[in-house]
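Trainee: Take a look at the following structure, please.
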Amino acid sequence: KEAAVLATVCLLSLFCFGCDAFQTGYLSAVRNNVAGLSKCTVNKNQFSLNVLPKPSFHSKSRYPSLIQMSTKTAVITGASSGIGLAAAKELTNKGWHVIIAARSFSKAEIAAQTEGLPAGSFTVMPLDLASLNSVRQFVNQIDTQPRQINALVCNAAVWYPRDTAPRFTAEGFEEHVGTNHLAHFLLAGLMVPKLKAADGFDPRVVFLGTDTHNPDSIAGKIPPQADLGELSGLTGSDALRGAKSMIDGKAFDPTKAYKDSKACNVLTMKEMHRRFASKGVTFSAIFPGCVAESPLFRDKRDWFRFIFPLFQKYITKQFVPVSEAGRRVAAVVSEEEFCNS
Ligand code: NDP
């Protein structure tokens, strides 16, 4: 009887791991590089960070008439729910102002109020990451804000695990990669000059990664693994409107597309560090823990959303509450120890 119970638990464990978006591996070509970035790995129930060295800071005071010079400001994409919202709450508790960059103004406004963010501590601004044009408009709108921007958190993401056919962004890119990666790639690039110009704080760009930075982990080995191939899905006229919907040009798989996009987030962090760290900006990627009750799992079946948190709490013991994940993100954004590693 015990053997049967054990076998059932093992099968359930394997199945849940197989379904989990966080069992991602990175493309083999960069595995060693990415793994080599890990500077700080806390124990398994905590979080892993890739925090890059802090370069010299070049201040350019471009905001002489700012009304809020003493208040630090962070832009968080997708802070209308989950980890981003929890991080926004944590930062406002620390005295920061948060710009919630969200595709639904009303949802973000209601979520912030429901979460208890004090009035005046946040601003909701429209940003639809499924449109590169919206990203450019957002950045133009940032220029009209009477605030300097001290941090950017690239947090928003979509995951459609049950899709059998790809969805596309306004520009025709597969939506996981277009939203989670390409839009953040553009946003971060456009925001770097504004971050550099901020006075009085070491500017930071923080990407949300997954547990799969380390290809030696169990999570990193479970298929479908991220694999960007030769990037053939992003080249030529076939790249648009789905003739090649995946980055590697292969058949559509929604969970692999999600994992590919998260791999790209980390590669972006790494490359931006290489290009811009000497200009005074710190780039980080954080795995906040397995946040099994976050809305990211909204498209999984009901039974999975019931079992998965229990599985994480009582079997793997890797469960992290949304509030704790938000606290971790806020720490990487704001605390001194994360600008010098
Ligand atoms: P949520 O689904 O709660 O948060 C995702 C956010 O992204 C939502 O606010 C959503 O907005 C927003 N978003 C989606 N599409 C767009 C778009 N086109 N434009 C603007 N915003 C958009 O999930 P989590 O909080 O769990 O995830 C946050 C981040 O953490 C993600 O990057 C995820 O990959 C990462 N992560 C999560 C883990 C987990 O266990 N949950 C583990 C490791 C990493 P809307 O409210 O309108 O849908």
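Trainee: Taking 0.36 nm per residue of sequence separation and subtracting the Cα-Cα distance, how much length would be gained by fully extending the chain between Ala165 and Thr114, in nm to one decimal?
Mentor: This chain segment gains 14.9 nm when fully extended.
Trainee: Also, quick follow-up: For Ser70 and Glu230, calculate 0.36 nm times their separation in residues minus their Cα-Cα distance, and state this gained length in nm to one decimal.
Mentor: Stretched fully, the Ser70-Glu230 segment lengthens by 52.9 nm.
Trainee: FRET efficiency for Thr316 and Leu186, Cβ-Cβ distance as r, R0 = 41 Å, nearest 0.05?
Mentor: 0.70
Trainee: Heavy atoms only, probe 1.4 angstrom, no DNA, RNA or ligands counted: give me Glu174, Glu324 ranked by accessible area, highest first.
Mentor: Greatest to least solvent exposure: Glu324, Glu174.
Trainee: Pairs of Cα atoms under 8 Å, at least six residues apart: use those to get the relative contact order of segment 123-239, whole percent.
Mentor: 29 percent
Trainee: Counting only heavy atoms of the protein chains, get the accessible area per residue of segment 263-328 (1.4 Å probe) and round it to a whole Å² value.
Mentor: Counting only protein heavy atoms, the per-residue value for segment 263-328 is 43 Å².
Trainee: Sticking with this structure for a sec: Using a 1.4 angstrom probe on the protein heavy atoms only, could you order Ser70, Ser284, Ser217 from most to least accessible area?
Mentor: Ser70, Ser217, Ser284
Trainee: Let me ask something else. If a/c stays under 1.5 just call it rounded; otherwise compare a/b with b/c (prolate if a/b is bigger, oblate if not). Do that for segment 220-314, with a ≥ b ≥ c from the square roots of the Cα gyration tensor eigenvalues.
Mentor: Here segment 220-314 falls in the oblate category.
Trainee: Okay, next question. Can you give the accessible area of Glu337 in Å² (nearest 10), computed on protein heavy atoms with a 1.4 Å probe?
Mentor: Glu337 exposes around 120 Å² with every protein chain in place.
Trainee: Residue separation times 0.36 nm, minus the C-alpha to C-alpha distance between Arg275 and Phe105: what's the value?
Mentor: 57.8 nm
The values are calculated or read from the model by the stated rules, or taken from the named source; none is laboratory data. In this text the structure is predicted, and so the values were computed from the model without any measurement. All Cβ positions, glycine included, derive from the backbone under ideal geometry; neighbour counts span all protein chains shown. In case anyone asks, the SASA skips ligands and DNA or RNA and just uses the protein heavy atoms, side chains included. Shrake-Rupley method; radii C 1.70, N 1.55, O 1.52, S 1.80 Å.
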